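Before any comments, here is the structure.
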Amino acid sequence: MRVQISVRGIVQGVGFRPFVFSLAAKHSIRGHVLNDAMGVLIDVEGEQSHIQEFIDGIKSNSPPLSRIESIHVSENLEPVNYSDFRIAESTSGGRPLASISPDIATCIDCLRELFDPKNRRYLYPFINCTNCGPRFTIIEGVPYDREQTTMRDFGMCDACRDEYLNPLDRRFHAEPIACALCGPGLSLVKGVFETDIIARVRHLLLSGRIVAVKGIGGFHLACDALNAAAVERLRRRKHREDKPFALMARSVDVIEKYCFISEAEKALLTSERKPIVLLEKQADCALPHSVATRTNELGFMLPYAPLHHVLLEKFDRPLVFTSGNVSDEPISYENEDALNRLSGIADCFLLHDRRIHMRADDSVTRVHEGREMILRRSRGYAPAPVMTSFKFAREILACGAELKNTFCLTRDNYAFVSHHIGDLENLETLRSFTSGIEHFKRLFHLRPEAVAYDLHPEYLSTKYAQSLDDIPTKIAVQHHHAHIASCMADNRIDGEVIGVAFDGLGFGTDGKLWGGEFFVADFFDAERIAHLDYVPMPGGAKAILEPWRMAAVYLQRAFGDDFVKLNLPFVQNMDARAWATLRRMISTRINCPETSSMGRLFDAVSSLLRLRDVVAYEGQGAIELEAVADRNCSEGYRFEALENGSVIKSETVIRHAVEDILAGVPPQIVSGKFHLGVAQLVASIARRIRDERHLRRVVLSGGVFQNMLLLQQTCRILKSDGFEVFTHSRVPTNDGGISLGQAAVAHTRISAGRI
Ligand code: ZN
Ligand code: ZN
Ligand code: FE
């Protein structure tokens, strides 16, 4: 009999066809297999029982990197009398839905060869195979074939071609296949020429130099993490005031000298995605402070490109491996651009000539309650789709928010959430946003019929959405509704929930800046039940970078203008003239947007404790407030006006904090009581909504929930009170998750015919 088997899912570029080839041989089946637009198409003839075993084998033994989503078998086809089994040319055309694999870290088999002196790829820094190597970052088009990748710059040598064409070889159709004879090579710029480039770079690193290293998704800036002077120099040159640097270490054993690692964290570190994993720092951690100041955590990753393995092989110490950019610009990924932009930072450049087509930052993740909680979804993850429980009625483009932007394109049950684009505040990032959207549309053959975007009129993503004349259906989604919807889609839940969205800022339906919000929400709409009281943000965006302004505003709320007479270190250090100016701004309401942001309240408390008056990046005050907090407080500050009121007042919290500070209570305790107070606030409002609406599912989203102390306490209290609690796992709780939420809301409104 003859059947056609159509396999959908992540089945291209993951060794699926050779797997089918050997399976066919095993079951004496003739015919062919090819990559088609939908995935893989297998056309075979054989005895019925053999074909059944063959299909069972496909289901149960598929290659490690493949993800089968569906298998469809068409029977009763006219026989063609195939004489053998072969791997046929890919078909193109039609309107395909192909899955593109993310970049995969070097596999065990390749590592073994890499360090085997007898292997012809011994120490070759671009070794890869069917199960590993670059994918997303080198793919220019589909179907996934060498000609559609940046590897088309290199002709294969005979030895590589033999492997590539041999269905029984583990490099059969490994599109980036290469060796030292035919493939990409290294070069060192600004360094003394030597034959052994790697040895030279190692030496430079050990002598305190900063090296720009081209990797898979872009450049890194590397230096010896134990060399405080080198780390400080890098920090100075990069203008990266206080943001923690990521680290790379050869093995888990090296990381264990500095951090605690649980089994779940180890699994993430060693997974084929090789993300940066945030780990708790050991008290006696020997790394210099300048690696990551004022935090209890370090972000570590393991080598994921063969180049990293070769480079780190002899290091028993970690390297700083931070993104190759200046300040907040996108990372460099092209040689010329890196040589220009990073020339003031790096002492030398370790380059290679394999082009990166799509930039991809390292992903950042962590473990919460034994489950992955991703914070930046990029290399190793994108462009794999986030599967949804519902089927998208239309193809939708969701443009995301402004900061930590991602966009999202949908089809069927797939939400193709993009790699991390960055803060859409400059031309360069905007360009990667628009070109990224075009690239995804091409790769996945999508033609969005609707576009979803944030309500904020000034976001560049909003303006982009509004400029799309060819997509008439435009759906604006309120920022915090998108947060809640994002977390619902992340957890594959549906229906009405209690939604708690705490973040820095998002545009509200009343034109004010929200961020401390309680909703009854579903995918269709969000009803605002309660929120933090509005306070002015004198100077607008300036108040984000100067948390002391928020502290002064809250003090004035709690104590009136007389707060300046308080015997507080904060007040004594406050610039009275600057405050006088702010006071005028507040009373005349000039450049003073009103906000209900929980993030700003965290900023205020951090400044009140003299942790941070001015920050280098949004959220820094809150991060440092969390870092000092005593985790064992049993009493929390109480918020006010909860009975029936939808407005939550923070004055009592501020007053109690001030009383404690005046009584000499250490900042650790004040911070601890504040954290617990916020967690208790969530529980008390949730209880009220449960009583009124009979809802018991609570969804937590927004950037403030990156605060692990707050998240853990909130989950603990809610669960002990009988709530079912949902937090993020597959997409970020910060604005990186917004695009998924927008897509889900837009889909629901379209389906309901209400747009
Ligand atoms: Zn491999
Ligand atoms: Zn070769
Ligand atoms: Fe947000």
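Structure data summary
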| item | result |
| --- | --- |
| Test for Asn567: is it under 39 Å from the mean Cα position of the chain (by Cα) and closer than 22 Å to Ala663 by Cα | no |
| Candidate set: the stretch 375-402, residues that are farther than 24 Å from Met358 by Cβ and either out of contact with any Pro (no Cβ under 9 Å at 6 or more places or on another chain) or among the polar types (S, T, N, Q) (or both); chosen: the one least open to solvent (accessible area, probe 1.4 Å) | Phe390 |
| Search result, residues across the stretch 69-91 that are part of a strand (DSSP E or B), among the small types (Gly, Ala, Ser) and at pLDDT 90 or above | Ser74 |
| Enumeration of residues in the stretch 132-176 that are of a type in the set (A, V, I, L, M, F, W, C) and away from ligand 2 (no atom under 16 Å from the Cβ) | Cys132, Phe136, Ile138, Ile139, Val142, Leu168 |
| Residue within the stretch 488-497 that is among the hydrophobic types (A, V, I, L, M, F, W, C) and part of a helix (DSSP H, G or I) present | yes |
| Filter pass, Arg200 being modelled with pLDDT under 95 and surrounded by fewer than 24 Cβ atoms within 10 Å (Cβ to Cβ) | yes |
| Filter result for Cys179 (closer than 22 Å to Asp316 by Cα, within 16 Å of ligand 1 (Cβ to nearest atom) and either in contact (Cβ under 8 Å) with a residue 24 or more places away in the chain or assigned to a loop (DSSP other than H, G, I, E, B) (or both)) | no |
| Helices (runs of 4 or more DSSP H) wholly inside the stretch 644-755 containing at least 1 residues that are buried (at least 19 other Cβ atoms within 10 Å of the Cβ) and more than 30 Å from the chain's Cα centre (by Cα) | 651-662, 667-693 |
| Yes/no for Gly183 being within 23 Å of His357 (Cβ to Cβ) and within 10 Å of ligand 2 (Cβ to nearest atom) | yes |
| Tally of residues being surrounded by fewer than 24 Cβ atoms within 10 Å (Cβ to Cβ) and within 30 Å of Cys592 (Cβ to Cβ) across the stretch 478-524 | 8 |
| Residue in the stretch 256-269 that is part of a loop (DSSP other than H, G, I, E, B), modelled with pLDDT of 95 or more, in contact with a Cys (Cβ under 6 Å, 6 or more places away or on another chain) and of a type outside the set (S, T, N, Q) present | yes |
| Pair list, Cβ under 8 Å, 6 or more apart: the stretch 729-750 residue over 17 Å from Ser418 (Cβ atoms), other residue within 16 Å of ligand 2 (Cβ to nearest atom) and of a type in the set (Asp, Glu) | none |
| Unique match (being within 16 Å of ligand 2 (Cβ to nearest atom), within 33 Å of the chain's Cα centre (by Cα) and either β-branched (Val, Ile, Thr) or open to solvent by less than 10 Å² (accessible area, probe 1.4 Å) (or both)) among Ile71, Ile108, Ile127, Ile104 | Ile127 |
| Residues located in the stretch 534-545, provided they are surrounded by fewer than 22 Cβ atoms within 10 Å (Cβ to Cβ) and part of a loop (DSSP other than H, G, I, E, B) | Tyr534, Gly539, Gly540, Ala541 |
| Of all residues making up the stretch 549-584, the number that are touching a Phe, Trp or Tyr at 6+ places or on another chain (Cβ under 8 Å), open to solvent by less than 30 Å² (accessible area, probe 1.4 Å) and either over 18 Å from Glu651 (Cβ atoms) or part of a loop (DSSP other than H, G, I, E, B) (or both) | 1 |
| Matching residues, the stretch 444-472, being part of a loop (DSSP other than H, G, I, E, B), over 23 Å from the mean Cα position of the chain (by Cα) and not aliphatic (A, V, I, L, M) | His445, Arg447, Pro448, Glu449, Pro457, Glu458, Asp469, Asp470, Pro472 |
| Selection count where residues are among the polar types (S, T, N, Q) and either within 12 Å of ligand 2 (Cβ to nearest atom) or in contact with a Cys (Cβ under 9 Å, 6 or more places away or on another chain) (or both), scope the stretch 186-210 | 0 |
| Matching residues, the stretch 387-403, being closer than 13 Å to Ala482 by Cβ and assigned to a loop (DSSP other than H, G, I, E, B) | Cys399, Gly400, Ala401, Glu402 |
| Leu312 within 14 Å of Leu206 (Cα to Cα) and more than 17 Å from the chain's Cα centre (by Cα) | yes |
| Cross-chain or 6+ apart pairs with Cβ under 6 Å, the stretch 662-685 first and touching a residue at least 60 places away in the same chain (Cβ under 8 Å), then in a helix (DSSP H, G or I) and not hydrophobic (A, V, I, L, M, F, W, C) | Val670/Asp660; Val682/Thr714 |
| So Arg161, is it open to solvent by less than 10 Å² (accessible area, probe 1.4 Å) and within 28 Å of Phe21 (Cβ to Cβ) | no |
| Residues of the stretch 108-129 satisfying the condition of being closer than 17 Å to Leu302 by Cβ, more than 9 Å from ligand 1 (Cβ to nearest atom) and in a loop (DSSP other than H, G, I, E, B) | Phe115, Pro125 |
| Residue match in the stretch 746-753 (condition: within 16 Å of ligand 3 (Cβ to nearest atom) and in contact with a strand residue (DSSP E or B) (Cβ under 9 Å, 6 or more places away or on another chain)) | no |
| Residue within the stretch 285-294 that is over 13 Å from Arg366 (Cβ atoms), without any contact (Cβ under 8 Å) to a residue 12 or more places away in the chain and assigned to a loop (DSSP other than H, G, I, E, B) present | no |
| Failed item in (1) outside any loop (DSSP other than H, G, I, E, B); (2) open to solvent by less than 10 Å² (accessible area, probe 1.4 Å); (3) touching a strand residue (DSSP E or B) at 6+ places or on another chain (Cβ under 9 Å), with Glu372 passing the rest | (2) |
| Hits in the stretch 225-237 - residues which are under 15 Å from Ser323 (Cα atoms) and open to solvent by less than 40 Å² (accessible area, probe 1.4 Å) | Ala225, Val231, Leu234, Arg235 |
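The values are calculated or read from the model by the stated rules, or taken from the named source; none is laboratory data. On a predicted model such as this, the values are computed, not experimentally measured, just so you know. All Cβ positions, even for glycine, are placed from backbone atoms using ideal geometry, and neighbour counts span all protein chains on display. Side chains are part of the model used for accessible areas, which takes the heavy atoms of the whole protein and leaves out ligands, DNA and RNA. Shrake-Rupley method; radii C 1.70, N 1.55, O 1.52, S 1.80 Å.
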